[in-house]
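Peer 1: Just passing along the structure, written as structure tokens.
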């Protein structure tokens, strides 16, 4: 097996061990800790009051706007990484290409800014 | 495959090395968390003119061990209305990527899990997986505080991810590689990246604070507004694992800073002896990393918390434009002067001072417009 694949075996092993540690810890806690549930204990916490309804309802859409903006910029960032690695070989041509790409996104950001999408309330 | 030391069989050595690496990383995470919780409490105490934990063990050194044992013995309560499987999975979704980040952290030449050629990209990917766990935790709890905390956290983490990654790309641009070893190798002696691209360091540091949910960016768990944010319904060891993961995340961010901007394992006397050298490298790297962990704690004791609208507008209206400008300026100068990094360094220091000096002016403009709006409203009411 080449070293290249071997390094991803490490990644996989670390993930498995990470999940394993969580499971072992929970098992240990399960073995050591007492378990005497009552109705009050299992009630959702709401500052000591009777909970009103559930939390799975409607919530503000501000988060959604930011998520949309983020998707745009995150995709941009994915393109930035390979560009940055090969930057010196691509030269001025690559730089201008990337500048145009970023400029288009910045125009989008500016538009969102002027439309007050970046204001929280 | 590399043959092992003492004439070990390569296959056996590969397996053995993997086991050692995993065990060391897990040990580091847990001991690091215990040490950092103690340090954090002590440092906050010193800054606030208190003594901090004193009774368990000498100077309270065993306090965090006692806390860990207490957490293991606490009743594991899961509220009736929670989403069973997601509630169980959330700590693992936060913890496993954090542990997996340790694969590529370069402690010393040869002392690292695996030198992935996409090391930095891998680290950013794992860093952004935390947000998944936090959102799932907030949603699965079926608690209003948790849900708001989880969503706030999602908004904050995804926003600050953009300046964070653009800062990292600036480093990649100068170094020309994503591999952690190559990045460390490019900064011998005093030629560290912190001197060449200081603005990228500052923006990454700010974004890193936000990514780890540390003060002043700890809105997801703002105890004065949201009880405990996404952790409200969690208790016992489940809560403890979130906590360990948070400290592990802080260590990862600090070690990224130490590697990318402060030359990683480089330091005096690392090439004196084939065995002693790497050991010293680990020491320098650890000292650099813990220096930043301590700065994080210092900041926690010093700064007040942001408001959510300030947090968002600071990121989108200030940090992202700044990092993009920095990236473009650095790119142009790297191409214009292919042999020397001095122009890049000069431009970056100038940019850093310009942006630092612009903050008071921006704040003043903000205040003036706020006052104008308030006056207009009062006028309308009258």
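Peer 1: How many residues, within the stretch B:63-82, are at pLDDT below 80 and part of a helix (DSSP H, G or I)?
Peer 2: 0
Peer 1: Restricting attention to the stretch A:67-89, which residues are more than 7 Å from chain B (Cβ to nearest Cβ), buried (at least 18 other Cβ atoms within 10 Å of the Cβ) and without any contact (Cβ under 8 Å) to a residue 40 or more places away in the chain?
Peer 2: A:76, A:83
Peer 1: Which of the following residues is surrounded by 24 or more Cβ atoms within 10 Å (Cβ to Cβ), touching a residue at least 60 places away in the same chain (Cβ under 8 Å) and not in a helix (DSSP H, G or I): B:155, B:113?
Peer 2: Going through B:155, B:113 in turn, just one is surrounded by 24 or more Cβ atoms within 10 Å (Cβ to Cβ), touching a residue at least 60 places away in the same chain (Cβ under 8 Å) and not in a helix (DSSP H, G or I): B:113.
Peer 1: Please work out which residue is nearest to residue B:280 (Cα to Cα), limiting yourself to the stretch B:106-125 and to residues that are more than 9 Å from chain A (Cβ to nearest Cβ) and at pLDDT 85 or above.
Peer 2: My answer is B:123.
Peer 1: Looking for something free of Cβ contacts under 8 Å to residues at least 40 places away in the same chain, more than 27 Å from the chain's Cα centre (by Cα), surrounded by fewer than 20 Cβ atoms within 10 Å (Cβ to Cβ) and not assigned by TED's automatic domain parsing to the domain that holds residue B:252 - is there at least one such residue anywhere in the stretch B:42-50? Break it down stepwise before answering.
Peer 2: Step one: list which residues in the stretch B:42-50 are free of Cβ contacts under 8 Å to residues at least 40 places away in the same chain, which gives B:42, B:45-46, B:49-50.
Going one step further and asking which of them are more than 27 Å from the chain's Cα centre (by Cα), we end up with B:49-50.
From what's left, surrounded by fewer than 20 Cβ atoms within 10 Å (Cβ to Cβ): B:49-50.
Those still in the list that are not assigned by TED's automatic domain parsing to the domain that holds residue B:252 too: B:49-50.
Checked the stretch B:42-50: at least one residue is free of Cβ contacts under 8 Å to residues at least 40 places away in the same chain, more than 27 Å from the chain's Cα centre (by Cα), surrounded by fewer than 20 Cβ atoms within 10 Å (Cβ to Cβ) and not assigned by TED's automatic domain parsing to the domain that holds residue B:252.
Peer 1: Additional query: Return the residues of the stretch A:9-50 that are more than 8 Å from every other protein chain (Cβ to nearest Cβ) and more than 18 Å from residue B:97 (Cα to Cα); say none if nothing qualifies.
Peer 2: Those that are more than 8 Å from every other protein chain (Cβ to nearest Cβ) and more than 18 Å from residue B:97 (Cα to Cα): A:27, A:31, A:38, A:39, A:40, A:48, A:49, A:50.
Peer 1: While we're looking at this one, here's another question. crowded, with 19+ Cβ neighbours inside 10 Å and either under 17 Å from the mean Cα position of the chain (by Cα) or touching a residue at least 60 places away in the same chain (Cβ under 8 Å) (or both): which single residue out of B:227, B:282, B:295 fits that description?
Peer 2: B:227
Peer 1: Can you tell me which of B:324, B:370 is out of contact with any strand residue (DSSP E or B) (no Cβ under 9 Å at 6 or more places or on another chain) and free of Cβ contacts under 8 Å to residues at least 40 places away in the same chain? So that I can check it myself, show each step before the final result.
Peer 2: Details: B:324 fails: free of Cβ contacts under 8 Å to residues at least 40 places away in the same chain.
Matching residue, one of B:324, B:370: B:370.
Peer 1: Have a look at B:352, B:370, B:341 and point out the one that is in contact with a helix residue (DSSP H, G or I) (Cβ under 8 Å, 6 or more places away or on another chain) and either surrounded by fewer than 10 Cβ atoms within 10 Å (Cβ to Cβ) or closer than 20 Å to residue B:314 by Cα (or both).
Peer 2: Matching residue, one of B:352, B:370, B:341: B:352.
Peer 1: Can you tell me which residue is farthest from residue B:140 (Cα to Cα) among those in the stretch B:80-97 that are crowded, with 18+ Cβ neighbours inside 10 Å and facing chain A (nearest Cβ under 7 Å)?
Peer 2: B:96
Peer 1: Looking at B:53, B:5, can you tell me which residue is modelled with pLDDT under 85, touching a helix residue (DSSP H, G or I) at 6+ places or on another chain (Cβ under 9 Å), away from every other protein chain (no Cβ under 14 Å) and loosely packed, with under 14 Cβ neighbours inside 10 Å?
Peer 2: That would be B:5, the only listed residue that is modelled with pLDDT under 85, touching a helix residue (DSSP H, G or I) at 6+ places or on another chain (Cβ under 9 Å), away from every other protein chain (no Cβ under 14 Å) and loosely packed, with under 14 Cβ neighbours inside 10 Å.
Peer 1: I need the full set of residues from the stretch A:90-101 which are facing another protein chain (nearest Cβ under 9 Å) and either in a loop (DSSP other than H, G, I, E, B) or surrounded by fewer than 17 Cβ atoms within 10 Å (Cβ to Cβ) (or both), in order please.
Peer 2: A:91, A:92, A:99 - these are the residues of the stretch A:90-101 that are facing another protein chain (nearest Cβ under 9 Å) and either in a loop (DSSP other than H, G, I, E, B) or surrounded by fewer than 17 Cβ atoms within 10 Å (Cβ to Cβ) (or both).
Peer 1: Every residue in the stretch B:93-110 that is touching a residue at least 40 places away in the same chain (Cβ under 8 Å) and in a helix (DSSP H, G or I), please.
Peer 2: Our first condition is that a residue be touching a residue at least 40 places away in the same chain (Cβ under 8 Å); within the stretch B:93-110, this holds for B:93-95, B:98-99, B:101-110.
The answer is B:93, B:94, B:95, B:98, B:99, B:101.
Peer 1: Given the criterion without any contact (Cβ under 8 Å) to a residue 24 or more places away in the chain, surrounded by 17 or more Cβ atoms within 10 Å (Cβ to Cβ) and within 12 Å of chain A (Cβ to nearest Cβ), identify the matching residue among B:306, B:314.
Peer 2: Result of the check over B:306, B:314: B:314.
Peer 1: For residue B:326, state whether it is modelled with pLDDT under 85 and either more than 30 Å from residue B:44 (Cα to Cα) or in the same structural domain as residue B:38 (by TED's automatic domain parsing) (or both).
Peer 2: No; evaluated as a whole, the condition is false for this residue.
The values are calculated or read from the model by the stated rules, or taken from the named source; none is laboratory data. Every value quoted in this text rests on a predicted model; they were computed, and no experiment measured them. Note: ideal-geometry Cβ built from the backbone for every residue, glycine included; neighbour counts use all protein chains shown.
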